[in-house]
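Colleague: Starting off with a structure, shown below.
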Amino acid sequence: MSSPVTANPDITLAFAVAPLADGERICFAARGSGLYRSDDDGASWTATPTGAAGDITAVAVSPAGAVDQTLFAGTTGAVLWSTDLGQTWQPVLLGSPPPLVSVLAVSPAFHDDGIVLAGTFEDGLYRSTDRGATWRRANVGLLDPSVLAIAISPEFAADQTALIGTASGLYQSATGGRSWRDLDGPWAAPVVAVAISPYFADDGLLVAGTEGAGLFESRDGGGHWRQVAEDLAEADIVRTEIARGSDGRAEVLVVTADGAIRSRSGEAAWIADEINLVPDEVIVSAIVLDQAGQDRPLLIGLASGAIRRVVAH
Amino acid sequence: MTSRRTAAVVFQPDTGAGLQRGTRAVTALLRPTIGPHPRAVAISSTSGRAPELLDDGGLIVRRLIQLADRDEDVGAMFLRGLLWRVYQQAGDGVATTSVLFQAIYDGGLHAVAAGGNAMRLRHFLHAGECVIREELMEQTVAVDSEARLIQVARTVCADPALAQHLGQIFAVLGEHGQIELRNGQSRGLTSDLIEGSYWDAPLHATTALAAAEARRIELEHALIFISDLELDDPHELVPLLTLARQAGVGSLVVMARKLAGSANAFLNANSGPAFRAIGVRTPGLGPPDRHADSFHDLEALTGGRAFRSQAGDSVARVELADLGRARRAWVDRQHFGVSGPGGDAHRLRTHVRQLRRGHRDEDDPAARAELSQRIARLSGATAMLWVGGATTPAIDQRKDLARRTAAALRGTLQGGVQPGAGVALLACRAPLTARLALAVEPEERAAYRILIRALEEPARAIITNSGHDCGRILAAIDRAGAAYGLNAETGAIVDVAAAGLLDVAAVVQMAVRTAVEGAAQALTIDTLVHARQPREAINP
């Protein structure tokens, strides 16, 4: 799998959404040309200088962003952190030789544990326990240094569970990201999207999307995996998220590179939705802006470099 | 007592009586060491030094050399051999094994003296052991938290600080985790994870290290030539250096069985600020020779191909694809390590899974330990623990305790835990009692009665060693229920699992198996043959 930054120098590699105290939100987009910010749900974007010389390849926001205003961005050899929602930045180097940060994830209990995870393409996983001030490689048990996706359990403070997708398969941690266990599964392709159910303690639901081999789920905490949404068996999965449903069941949402959206509640049938893409448009990144409610607005980044706001029903 | 210089043959009933006296002597030594309040055994010194005070069953057994009476000595050494095997394989459970053995052997001798057939009795003791094993497995639970691991460690080592460190370490490293122990600089303990994979592979020329400011050489973007070749001629290294220069890498590691001084000098001469070439010894060279295993691991980890002297490989035919890669490598006086290896992740994953399967299927403890080390090495599951103490002997003792506790924690993660304080064994009486009710043959009834009585011995020893009345406490335990036992620290009858009083399941199971099989075998010994001890030469 080639790094997306070489395929197109200015595509959106990752999104992050920072909720504000007044109910509004700020969106961030990590792109080859830098970090961008939108205050109107993606209708317009402005560049946010970070001081980094290279591409911004990852971005993540503290779950308490409305309060602590903490934001992280990844680049070659460093993680950048801001405590004023991107107005000023501090780089923290990750050592030599410099790895390329592929993905960032912040602990849901960040206010208490200060934990942030940074995946890289060459050096596995880095872990910070002091809100990003220092980083250390956390690769015990991780046999694949190419980290492509990270998901942290919504109940991380209690279950210490995280999931990472790599080029060769899936790994799970039950030690807060300090060590990893190889999950046995039908990984015929790189795992590029992962999600953990907010009801994980009860439903054991994990979802993993692959590049070209579709979607897989486990309902026993990662012990056994099966392919789901069979019509997506050869799809490139771009994003998968699991939200709390109004009926107390986990709602899974999946976005594919060719614009297909699938969602389902619990173990009900999959509901299909399609994004009306023009020919040759390919989705490379996506994020759900608002998981509550029936209509779920999405930001999608296209291979052409454009960003669109769409609605999934 | 006959002289040791006289050959002798001993028949029953002297055989059984002599063996029993010998095994009872060993068990009497070890019984006081069971429980959280162990008593010490003083071992006198022959060199005029102060006696050695030991409360660890394995170390006490190791000090046993010989009993004066030859018949007793046979019994003592027979039991010693069983206990030493338990100590080596499980790291703990020696005293428990001994008291179980003695109770079974004493009961068995009584049954045989009453007219029972020793071979039939042996058969039914084995059948009873199967019942116990099944019941113990029912009581086994997996350990799923750092807190539980710390509790288990405390049970094993009774050193709270050591238990805390080891519990935390193994919560991260997992069931195959390995610990390197070093002497600490202070009285306390410190620990840290060791990143990546490393082997015992010293530098061929420590002069390279002398030039380094730190104690080790750090390399980046390393190409690694993996071999067990003997490289005597510096010109043999030219293809490697050429490939490294063409690839534009920062460093080259030449792994070889032998690297002549001139070849080393050649590597040094070709090193500079932008490129470093060093030579390290092939890891795993014997005895025992395990470098083939090291090669498989290095190939899977770094993506290189090992050049084997037995296959007639020559460095002259090396190609770039044959060289392993790592983003970082390091070398010190004794070790060579890598992190950020460049091998194929799928291949490495498959290789580690094969090793894990091999570990699961392997019975030999030494082979299992070797596989664990390889899995830990490839998974980066190693930590360093610096052990401090007031004196060097105190540090050595604490390191030994750390080693055993680490083995116990590994066993815990692999096999789970059971209720401690002898409770798990007490619970095994019920299914044996059910079998006893259905048994008809005299030897079968005797076997179950012997085992039921023997299963109480560890709990009795804990109770007695804690200064409590055995009969009263056992009665209170029976009234409280199957999960209850004595908390020897507080004197209260508690739910032992809930109170964190846990035993490593593998240790208990090994203790039972060794005790039953050993005692059953000892009951079938009818004759002792004493060989004549040769005279010792004055000037050998």
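Colleague: With +1 on each Lys and Arg Cβ and -1 on each Asp and Glu Cβ, and nothing else charged, work out how big the dipole of the stretch A:228-313 is about its Cα centre, in Debye to the nearest 20.
Modeller: My answer is approximately 380 debye.
Colleague: Describe numerically, in nm with one decimal, the distance between label points set 7 Å from Cα along Cα→Cβ at A:Arg244 and at A:Asp280.
Modeller: 4.5 nm
Colleague: Gaussian network model of chain A, Cα springs within a sub-10 Å range: biggest mean-square fluctuation belongs to which of A:Pro145, A:Pro97, A:Pro297?
Modeller: A:Pro97
Colleague: What is the Cα convex hull volume of chain B when expressed per residue in Å³? Working shown, then result.
Modeller: Numbers: hull volume 109.0 nm³, N = 540.
Output value, Cα hull per residue: 202 Å³.
Colleague: How far apart, in nm, are two points set 7 Å out from the Cα along the Cα-to-Cβ line at B:Asp233 and at B:His126?
Modeller: With each label point 7 Å from Cα toward Cβ, the separation is 6.3 nm.
Colleague: What is the mean number of Cβ atoms from other protein chains located within 10 Å of the Cβ atom of each residue in peptide A:175-183, rounded to a whole number?
Modeller: Counting Cβ atoms of other protein chains within 10 Å of each residue's Cβ and averaging gives 4.
Colleague: Another question, then. Relative contact order for the stretch A:137-271: what is it in percent, counting Cα pairs under 8 Å that are at least 6 residues apart?
Modeller: 16 percent
Colleague: Find the all-direction average of the projected area of the Cα convex hull for the protein assembly as shown, expressing the result in square nanometres with one decimal place.
Modeller: 45.2 nm²
Colleague: Sticking with this one: Where the centre of each part is set by its Cα atoms, how far does the stretch A:170-238 sit from the stretch B:284-348, in angstrom?
Modeller: Taking the Cα centre of each part, the stretch A:170-238 and the stretch B:284-348 sit 33 Å apart.
Colleague: Could you give each residue of the stretch A:102-107 its phi-based ³J(HN,Hα) in whole Hz, using Karplus coefficients 6.51, -1.76, 1.60 with θ = phi - 60°, and x for Gly or Pro?
Modeller: 9, 7, 10, 8, 10, 4
Colleague: Going 7 Å from the Cα of A:Ser96 toward and past its Cβ, which residues in the stretch B:264-308 have a backbone nitrogen under 16 Å from where you end up?
Modeller: Zone members listed by number: B:272-277.
Colleague: For a quick check: sort B:Ile493, A:Ile150 by the number of other beta carbons within 10 angstrom, fewest at the front.
Modeller: Taking fewest neighbouring Cβ atoms as first place, the list is B:Ile493, A:Ile150.
Colleague: If you don't mind, another one. DSSP loop trypsin sites (Lys or Arg not before Pro) in the stretch B:327-358 with at most 11 other Cβ atoms within 10 Å of their Cβ, which ones?
Modeller: The qualifying sites are B:Arg333.
Colleague: Let me ask something else. If you line up the long axis of helix B:118-138 against the longest principal axis of chain B, both from Cα atoms, how many degrees apart are they, to the nearest 10?
Modeller: 60 degrees
Colleague: For peptide B:345-354, what's the mean number of Cβ atoms from other chains within 10 Å of each residue's Cβ?
Modeller: Details: counts 9, 6, 2, 4, 9, 2, 1, 3, 3, 0.
Per residue, the number of nearby Cβ atoms from other chains is 4 on average.
Colleague: While we're on this one: Using a Förster distance of 30 angstrom, determine the FRET efficiency expected from the C-beta separation of B:Arg215 and B:Gln397, and round it to 0.05.
Modeller: Once rounded, the FRET efficiency stands at 0.65.
Colleague: Over the stretch B:1-100, what is the relative contact order in whole percent, taking alpha-carbon pairs under 8 Å and six or more residues apart?
Modeller: Relative CO of the stretch B:1-100 lands at 33 percent.
Colleague: Along the Cα-to-C-beta direction of B:Asp144, a point sits 7 Å from the Cα; which residues of the stretch A:163-195 have their amide N less than 16 Å from that point?
Modeller: A:173-176
Colleague: Oh, and also: Helix B:160-173 versus the longest principal axis of chain B: what is the Cα-based angle in degrees, 0 to 90, to the nearest 10?
Modeller: 60 degrees
Colleague: Just grab the label-to-label distance for B:Ser44 and B:Ser186, each label 7 Å out from Cα along the Cβ direction, in nm (one decimal).
Modeller: Here the answer is 4.3 nm between the modelled labels.
Colleague: List the trypsin sites (Lys or Arg not before Pro) in the stretch B:109-180 that DSSP assigns to loop (not H, G, I, E or B) and whose Cβ has at most 16 other Cβ atoms within 10 Å. Which are they?
Modeller: Details: sites: B:Arg120, B:Arg122, B:Arg133, B:Arg148, B:Arg154; in loops: none.
For trypsin sites (Lys or Arg not before Pro) across the stretch B:109-180 that sit outside H, G, I, E and B with at most 16 neighbouring Cβ atoms in 10 Å, the list is empty.
Colleague: On a 0 to 90° scale, report how tilted helix B:70-90 is relative to the longest principal axis of chain B, with both axes built from alpha carbons and the result rounded to the nearest 10.
Modeller: 50 degrees
Colleague: To continue, here is another question. To the nearest whole number, what is the average tally of beta carbon atoms from other chains within 10 Å of the beta carbons of peptide B:372-381?
Modeller: For this peptide, the per-residue mean of nearby foreign Cβ atoms is 3.
Colleague: Take the Cβ-Cβ distance between B:Arg85 and B:Gln246 as r, set R0 to 51 Å, and report the resulting FRET efficiency rounded to the nearest 0.05.
Modeller: Result of the calculation: an efficiency of 0.35.
Colleague: Using mean Cβ contacts within 10 Å as the protection proxy, how do B:108-115, B:258-265 order, highest first? Intermediate results must be reported in sequence, preceding the final value.
Modeller: Numbers: B:108-115: 15.9, B:258-265: 17.5.
Top to bottom by mean Cβ count within 10 Å: B:258-265, B:108-115.
Colleague: Stretched out fully, how many nm does the piece from B:Asp478 to B:Ala430 gain, at 0.36 nm a residue minus the Cα gap?
Modeller: Working: separation 48, 0.36 × 48 = 17.28 nm, distance 1.14 nm.
Going from the current span to full extension adds 16.1 nm.
Colleague: As a test of the formula, what do you get for chain A when each DSSP H run with n ≥ 4 contributes -39,500 (n - 2.57) and the sum is divided by the residue count, at 222 nm and rounded to the nearest 500 deg cm²/dmol?
Modeller: Working: 5 runs with 20 residues, N = 313.
After summing the helix terms and dividing by residue count, I get -1000 deg cm²/dmol.
Colleague: If you filter the stretch A:162-253 for GluC sites (Glu not before Pro), then keep DSSP loop positions with at most 16 other Cβ within 10 Å, what is left?
Modeller: Listed in order of number, the matching sites are A:Glu234.
Colleague: While we're here: Defining a contact as two alpha carbons under 8 Å apart and six or more residues distant in sequence, what relative contact order in percent does chain B show?
Modeller: Reported as a whole number, the value is 27 percent.
Colleague: Distance between the C-alpha centers of the stretch B:80-148 and the stretch B:413-436? Whole Å please.
Modeller: About 11 Å separates the Cα centre of the stretch B:80-148 from the one of the stretch B:413-436.
Colleague: Provide the percentage of antiparallel DSSP beta bridges, counting only those with both residues in chain B; round to the nearest 5.
Modeller: That works out to approximately 65 percent antiparallel.
Bear in mind that the values in this text are calculations on the coordinates, not laboratory data. Since we're looking at a predicted model, the values are computed, not measured. Every residue, glycine among them, receives a Cβ derived from its backbone with ideal geometry; neighbour counts consider all protein chains shown.
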